[in-house]
1. Which FRET efficiency, nearest 0.05, do Glu335 and Lys214 yield, Cβ-Cβ r, R0 56 Å?
2. Radius of gyration and Dmax for region 212-268's Cα atoms, expressed in Å?
3. Give me the number: length gained by fully extending Thr30 to Thr328, i.e. 0.36 nm times residue separation minus the C-alpha to C-alpha distance, one decimal in nm.
4. So how strong a dipole does region 351-416 carry about its Cα centre when Lys and Arg Cβ are +1 and Asp and Glu Cβ are -1, to the nearest 20 debye?
5. Once you have the Cα-Cα distance between Ser399 and Asn139, take 0.36 nm times their residue separation minus that, and quote the gain in nm to one decimal.
6. Based on other C-beta atoms within 10 Å, arrange Thr165, Thr347 from fewest to most.
7. Using 20 Å as the cut-off for backbone N distance, which residues of region 173-188 belong to the label zone defined by a point 7 Å from the Cα of Ser224 along Cα→Cβ?
8. Between Val364 and Lys378, with labels modelled 7 Å along Cα→Cβ, what's the label distance in nm to one decimal, could you check?
Amino acid sequence: MLNIERAYIHPQLCKKFLTYVEHKRLMKYTPSQLWFMDAKFGIFIHWGIYSLLKRGEWVMHNEKIPISKYEPLKDMFEASLFEPQEWVELFKDAGARYVTFTSKHHDGFCMYDSALTEYKVTNTPLGRDVVGELRDACNDEGLKLFLYYSQLDWHHPDYYPLGRTGQYAGRVEGGDWERYLEYYIGQVRELAVNYKPFGFWLDGMWDKPDADWKLHDLYQMIHSILPNALIGNNHHRKPYPGEDFQIFEQSLPGEEGGVVKNTTYISDLPLETCLTINNSWGYNEQDHQHKSVEKLLEYLVKTAGMNSNLLLNVGPRPDGTIQKEHVTRLIRIGEWLRKYGEAIYRTRGVSVEENYSVTRRDEVQYLMITTKESNVLKVPFKYARLHSLTPLKFELSNSVLYISEWSKEPIEILKLE
């Protein structure tokens with residue numbers, strides 16, 4: 001195994017070997033996976049008729065709202081201020097390289113013009129194909145589009161037997177699971193054929209973890225239609241054959257003790273961590289626990305250090321606008337990335353420690369200090385040609401970094417060449 005510390009100590013001796021190791025490692029990834037690993041930052045969007053209630057995307061289940069009372073929300077969904085071009089321009093300014101959108105969440109409501117159900121956004125007062133318009137806006141701005149799809153469905157009569165959730169929906173007891181499988185796989189098929197996303201972000205399998213979801217058939221079908229598409233599944237388990245990237249929810253890869261019980265197993269697949277800005281995925285007007293810009297940047301730096309992407313969530317309001325607390329944070333992140341993005345984009349993670357993260361782009365490495373509690377920092381190299389990208393004053397001696405003056409930037413960045 002390559003000793004990274006020795007790579008720092010003897011950069012000239014290890015240069016050719018590092019290049020060879022990187023080349024051999026990258027050979028097993030597809031061009032789409034390599035693009036994904038370079039992208040590093042995406043925006044997650046949770047939007048549906050649940051936004052009308054302003055209490056998050058799980059409101060139907062959490063408040064035990066039956067279908068008979070929940071379904072009429074579609075007749076009130078006007079979203080008069082929805083402008084997908086404005087969304088995508090904001091995300092691009094934030095430095096995101098791709099967007100992941102909820103085409104259907106657990107409530108079963110479709111945000112696209114599905115031919116397999118009438119429970120869809122084109123049958124609302126808005127009357128527009130949200131997925132289609134968002135795809136076009138992403139194409140115009142050069143962002144890739146991933147489509148989230150919930151395999152779990154609280155609305156469909158054939159989602160039976162029930163799993164861990166959905167018991168308050170008021171559905172008639174009974175249903176045909178095989179018929180539901182045909183329905184959900186059919187919907188994923190029409191999303192692949194009609195919208196041609198760069199990838200799929202699946203969710204909800206954890207509701208019935210031991211059921212036969214026909215994953216092999218599903219993944220084979222997606223890749224037969226879109227050979228270069230990436231598939232990720234938020235099942236909180238080790239990746240299954242056919243999956244192209246591994247997802248971690250609300251925690252760093254392999255981290256224990258998070259709000260979601262992710263697997264601690266880290267595969268060789270490209271990695272992605274999804275994170276909320278506050279504590280909610282869908283719009284929740286009572287949730288004011290917005291993470292600071294500094295905390296969000298720290299998360300971005302740490303995910304990069306772990307060779308993972310960060311998928312940062314916004315939950316638009318029912319009128320189609322994004323709340324100002326999230327807009328201002330995205331703008332600040334974009335400003336930071338325009339100055340220091342070389343330490344994030346197209347890099348590979350080296351390590352994450354308590355006070356810093358290290359990334360690498362080709363033969364250049366970046367030490368990003370996330371905690372400024374001490375002016376003396378033990379670092380994993382004894383000597384190197386390095387300079388600070390931020391206005392930081394320092395000295396390096398025998399693997400110890402002595403900080404004489406911190407900058408005002410939230411993250412200090414040293415470049416090692």
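1. 0.80
2. Taking only Cα atoms of region 212-268, I get Rg and Dmax of 12.7, 39 Å.
3. Result: 103.7 nm gained on full extension.
4. Around 160 debye, computed over region 351-416.
5. 88.9 nm
6. Listed from fewest to most nearby Cβ atoms, that is Thr165, Thr347.
7. Of the residues in region 173-188, 178-188 have backbone N under 20 Å from the label point off Ser224.
8. 3.0 nm
Every read-out reported here was derived from the displayed coordinates using simple, explicitly stated rules and does not represent laboratory data. No experiment lies behind these values; they were computed from the predicted model shown. Positions of Cβ are backbone-derived with ideal geometry, glycine not excepted, and every protein chain shown enters the neighbour counts.
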